[in-house]
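Enquirer: This is the structure I want to talk about, given as structure tokens.
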Amino acid sequence: MAAGSSRAGGQGPAGTQSRFRAHARQAVRARALVTYAQGGWVQDVALENIGLGGACLVVDAAQVAPRDSVMISLARAGSVTPLLLAARVVWVGPASSGSLRRSVGVAFEHGNPDAAFALYQMLLAYDPSA
């Protein structure tokens with residue numbers, strides 16, 4: 001399994017089974033642009049947490065399923081080019097009450113070492129004590 005992959009263990013969102021994480025997540029308040037080619041949509045989403053292995057996104061009325069591939073674009077401080085990270089959907093939470101918003105967990109598929117290092121640097125900016 002890839003780093004940050006999911007395996008059963010503990011409690012997750014809304015009392016569901018949580019995911020084992022090889023890398024800790026950092027709580028953030030940020031935005032990301034998610035492209036889901038299979039579903040034909042691009043959406044500006046809230047980023048709840050992020051780590052070297054993956055992230056939790058909050059999407060609006062998006063139809064995604066575990067194992068779907070997405071591309072996540074993150075703005076980088078001091079750079080005009082965004083950080084592009086390939087990811088696969090690991091879990092999809094239930095819709096929020098009275099809303100179509102839902103949490104989606106993704107695992108990054110690090111095929112590019114430069115992008116993985118850029119993500120590491122971004123995480124240091126969120127939490128310099130790491």
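The values are calculated or read from the model by the stated rules, or taken from the named source; none is laboratory data. Small disclaimer: the values here were computed from a predicted structure and weren't measured. Reconstructed Cβ throughout: ideal geometry from the backbone, glycine too, with neighbour counts over all protein chains shown.
Enquirer: Return yes when L100 is touching a strand residue (DSSP E or B) at 6+ places or on another chain (Cβ under 7 Å), free of Cβ contacts under 8 Å to residues at least 60 places away in the same chain, under 21 Å from H110 (Cα atoms) and among the hydrophobic types (A, V, I, L, M, F, W, C) and no when it is not. Can you show your working first?
Expert: Working: touching a strand residue (DSSP E or B) at 6+ places or on another chain (Cβ under 7 Å): yes; free of Cβ contacts under 8 Å to residues at least 60 places away in the same chain: yes; under 21 Å from H110 (Cα atoms): no; among the hydrophobic types (A, V, I, L, M, F, W, C): yes.
Taking the combined requirement at face value, the residue does not satisfy it.
Enquirer: If G10 meets every condition in (1) at pLDDT below 50; (2) assigned to a loop (DSSP other than H, G, I, E, B) apart from one, which number is that one?
Expert: With respect to (1) at pLDDT below 50; (2) assigned to a loop (DSSP other than H, G, I, E, B), G10 is out only on (2).
Enquirer: Could you pull out the residue among A115, A62 that is surrounded by 17 or more Cβ atoms within 10 Å (Cβ to Cβ), farther than 13 Å from A30 by Cβ and of a type outside the set (K, R)? Spell out how you get there, then give the answer.
Expert: Working: A115 fails: surrounded by 17 or more Cβ atoms within 10 Å (Cβ to Cβ).
Just a single option satisfies the conditions, and that option is A62.
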